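Engineer: Starting off with a structure, shown below.
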Amino acid sequence: MAIQYIPEPFRIKMVETIKMLTREEREQRIKEAKYNLFNLKGEDCYIDLLTDSGTNAMSAQQWSGVMCGDEAYAGASSYYHLVDTAKEIFDYDFFQPVHQGRAAEKVLLPTFLHKGQFAISNMFFDTTRAHVELAGARAIDCVVKEAKDPSKRCKFKGNMDLEKLEKLILEHGPQNIGLVVMTITNNSAGGQPVSLENMRQVSEICKKYDILLNIDAARYAENAYFVKRDEDACKNMSILEIIRKMFSYADMFTMSAKKDTIVNMGGLIGVKDAEKNAELIMKIKANCISYEGFITYGGLAGRDLETLAIGLKEGLDENYLHYRIGQMEYLASLLDDAGISYQSPVGGHGVFVDAAAMFPQIPYYEFPGQVLAIELYKEAGIRTCDIGSYMLGNDPDTGEQLHADFEFTRLAIPRRVYTQAHLDVIARALIAIKERAKDMKHGYRITWEPPILRHFQASLEPVE
Ligand SMILES: Cc1ncc(COP(=O)(O)O)c(C=O)c1O
């Protein structure tokens, strides 16, 4: 039985018209897009679940912040508003705004990562992995084994495998581990949360071997909601208290602010201890000026800094987080009723449908996650993306196609954008595809790909 939908804790003040093309038109559009959903026009998508990143609806307060943004090149009041708000939330000494998450990675990671080193994470997001590799280092994933079984329902499937982490550190030598990254929530494992206790233990291991610990903080507020709900020791803590504690265990963070801060553009770097990390902060500022812009705007307009400062607070509201996670749970319960497998229990920002379970006959090198994404577009104009072998790409050393741990199709839900009826349309489309899934014999092959982050640009064709 579907669970009850949590009503929106807001009302709608402005709307955007969306339209559904005919099935023939959709088939033509996806063919013209070379079967890459990133090549589609947004206006040709009825429900756009490509990402929850930067696709959020801002509040009336944020829109008024747009008008109040201070556009001074240096020392804008909106910069100070942002820094003061971030200090209040994270209790860190230094903050550097940048234009998005990967800019934070580009500015920060080369300041200490280099060739011959390794970085270990509970799971790297694709751009973070790319920036580790662009800095010359190698990225290793170290998530708990439960995460690799989508049907296994257990709490905190985003956690780091602590035993494996220590083993990896000793195997490669602590001096060769440039960084440990905790991605909260763990996007690539299905938006799965990380417990506060796991974070504490990872921090102890990092201290023991003198290794820097970074939080990839894109969905830190959704993570805190899960901690409060599911971690017994944290039930009586506020969301803010959980966040402060979580961040106190790390040395720094990189954040794509396009997610939990409910804006359309923005990123942030945070460093906990300014005195100890004076040299690091100097390098961050230098890289920011070269790549992003002066340190008090970091590639953002004053109005973006202002909406980001407001969104940082709005994203922590517990009623909002209850509704937000409730949307995922509602959609997941419709899939439970239909026997459709997904990374369960459902995570924070989307439903990650197990495409390998839906198309067991399609091998990883014909990309089941991409097959389901294309079928969803053809079926109902729903745009999603592959989080599987197609996204993972090739081994940087051998050039061989890598075999991902999962073949997911990610239904990422933008914040404050779609209603219960939209979620019903999505579930009905998945059910229709499941009914004909066994008749699909083949997937897709890549006909062209760029050397890095290929899934954004690659061209594909059906395997006949
Ligand atoms: C966990 C995680 N880290 C980093 C990024 C990169 O952020 P951006 O897209 O803002 O560059 C993302 C984006 O989806 C993400 O999910």
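Engineer: Could you tell me which of the residues LEU170, LEU179 is of a type outside the set (Asp, Glu) and free of Cβ contacts under 8 Å to residues at least 24 places away in the same chain?
Structural biologist: LEU170
Engineer: Quick one: how many residues across the range 6-55 are closer than 16 Å to ALA429 by Cβ and open to solvent by 90 Å² or more (accessible area, probe 1.4 Å)?
Structural biologist: Count: 1.
Engineer: Something else about it: Among the residues of the range 53-69, is there at least one that is touching a residue at least 12 places away in the same chain (Cβ under 8 Å), in contact with a Leu (Cβ under 7 Å, 6 or more places away or on another chain) and within 14 Å of ILE382 (Cα to Cα)?
Structural biologist: No, that holds for no residue.
Engineer: Also: So which residues in the range 167-196 are more than 11 Å from the ligand (Cβ to nearest atom) and aliphatic (A, V, I, L, M), if there are any at all?
Structural biologist: Within the range 167-196, LEU168, ILE169, LEU170, ILE177, LEU179, VAL180, VAL194, LEU196 qualify.
Engineer: Only one of LYS207, LYS164 is open to solvent by 40 Å² or more (accessible area, probe 1.4 Å), farther than 30 Å from GLY266 by Cα and within 24 Å of the chain's Cα centre (by Cα). Can you tell me which?
Structural biologist: The conditions single out LYS164.
Engineer: Across the range 251-282, which residue is farthest from GLY348 (Cα to Cα) among those that are assigned to a loop (DSSP other than H, G, I, E, B) and of a type in the set (Gly, Ala, Ser)?
Structural biologist: Across the range 251-282, the extreme among qualifying residues is ALA274.
Engineer: Let me ask another. Working carefully through the options ILE89, ILE30, ILE6, find the one that is among the hydrophobic types (A, V, I, L, M, F, W, C) and in a loop (DSSP other than H, G, I, E, B).
Structural biologist: The unique qualifying residue is ILE6.
Engineer: Would you mind stating whether ALA432 is of a type outside the set (Lys, Arg), assigned to a helix (DSSP H, G or I) and closer than 27 Å to ASN56 by Cβ?
Structural biologist: No.
Engineer: Also, I was wondering about something else. Can you tell me which residues in the range 211-250 are assigned to a loop (DSSP other than H, G, I, E, B), more than 16 Å from the ligand (Cβ to nearest atom), closer than 22 Å to ALA119 by Cβ and out of contact with any Phe, Trp or Tyr (no Cβ under 8 Å at 6 or more places or on another chain)?
Structural biologist: ILE211, TYR249
Engineer: From HIS81, HIS114, grab the single residue that is surrounded by fewer than 16 Cβ atoms within 10 Å (Cβ to Cβ) and touching a residue at least 12 places away in the same chain (Cβ under 8 Å).
Structural biologist: HIS114
The values are calculated or read from the model by the stated rules, or taken from the named source; none is laboratory data. Fair warning: this is a prediction, and the values are worked out from it, not measured in the lab. Positions of Cβ are backbone-derived with ideal geometry, glycine not excepted, and every protein chain shown enters the neighbour counts. Quick note on the areas: whole protein, heavy atoms, side chains included, nothing else; ligands and nucleic acids left out. Shrake-Rupley method; radii C 1.70, N 1.55, O 1.52, S 1.80 Å.
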